[in-house]
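The values are calculated or read from the model by the stated rules, or taken from the named source; none is laboratory data. Owing to the predicted nature of the structure, the values given are computational and were not obtained by experimental measurement. As a convention, Cβ positions derive from the backbone with ideal geometry for all residues, glycine included, and neighbour counts pool all protein chains shown. Protein only, heavy atoms only, side chains kept; ligands, DNA and RNA dropped before computing areas. Shrake-Rupley method; radii C 1.70, N 1.55, O 1.52, S 1.80 Å.
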Amino acid sequence: MKIQVINPNTTAAMTAKIAAAARRAAAGRFEVVCSNPPAGPESIETACDTITAAPAILREVSQGMEQGCAGHVIACFDDPAVAACRELATGPVLGICEASMLAAAVTASRFSVVTTARAGIPIIEDMALRYGFERKCRSVRSCDMAVLDLDGSPMANAKVLAQVQAAVEDGAETVILGCAGMSDLADWLSTESGVPIIESVAAAVGLVAGLASAGIATSKVGVFAFPPTSGEGAR
């Protein structure tokens, strides 16, 4: 079985980090196909970035289907173009925000999210509301940095840890890392903070693989029916 993991931005180092997290989650049980678009934003920071990246994400999903991928992960915490990808795909599609909140909701009574830029706070709060987890979400905290500032430096890592520790003080029983670029910090942050850390790429890969292996497909009755312009919808 193949699971596709898409980095919606064009930064190769970010794709490598995401691929490593996804393959750790797979643990050899299934194949991970990880890619990023050849052109588009270097990071997803704004609404314009999200819209700009959407057509390329759809193309990546189409290519993944052609390669026989059984499910698809959109590895950006804004969950860009997920609904549109569900219209195209027959297998399950999950963004890492929704996946990590689902995982947190069944493993702790309350969770918090630590993200990068301050502008992401209201966006993630709104997503928690949309996904039905607003009562379980204790807080959303920002490290006040850009995605590409997650460079593995001691200063950057310390900023993430400080916000994770603050989230624990907010009452969170588990903390979600609200950016795919934080994926390599999960084990260290858990040791330092004393709480389980949900690495969002791993959560999404595990959920999508579980759904696909159980034979649970995306419904084509109603909202996620094939669009008329797709190959399936045209038949």
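For the chain, the convex hull spanned by the alpha carbon atoms encloses 117 Å³ per residue. Sorting the segments 123-131, 17-25, 196-204 by their residues' average number of neighbouring beta-carbon atoms within 10 angstrom, most packed first, yields 196-204, 17-25, 123-131. What is the local net charge at Ala172, summed over the other residues whose Cβ is closer than 9 Å to its Cβ (Lys, Arg +1; Asp, Glu -1)? After counting each charged neighbour, the total is -1.
The stretch between Met155 and Ile51, if pulled fully straight at 0.36 nm per residue, gains 34.3 nm over its current Cα-Cα span.
For the range 1-57, give the percent of accessible area contributed by carbon and sulfur heavy atoms, probe 1.4 Å, rounded to a whole number.
Numbers: 1540 of 2570 Å².
C and S atoms contribute 60 percent here.
Hey, for a label at Ala146 modelled as a point 7 Å past Cα toward Cβ, could you say which residues of the range 175-212 have their backbone N under 16 Å away? Within reach of a label on Ala146: 181.
Using the Cβ-Cβ distance between Thr90 and Asp126 with R0 set to 45 Å, the FRET efficiency works out to roughly 0.95.
What a 1.4 Å probe finds exposed on the range 110-235 is 54% carbon and sulfur by accessible area, rounded to a whole percent.
Can you work out the accessible area per residue across the range 90-235, with the rest of the protein chains kept in place, probe 1.4 Å, in square angstrom?
Values: 6670 Å² over 146 residues.
Accessible area per residue: 46 Å².
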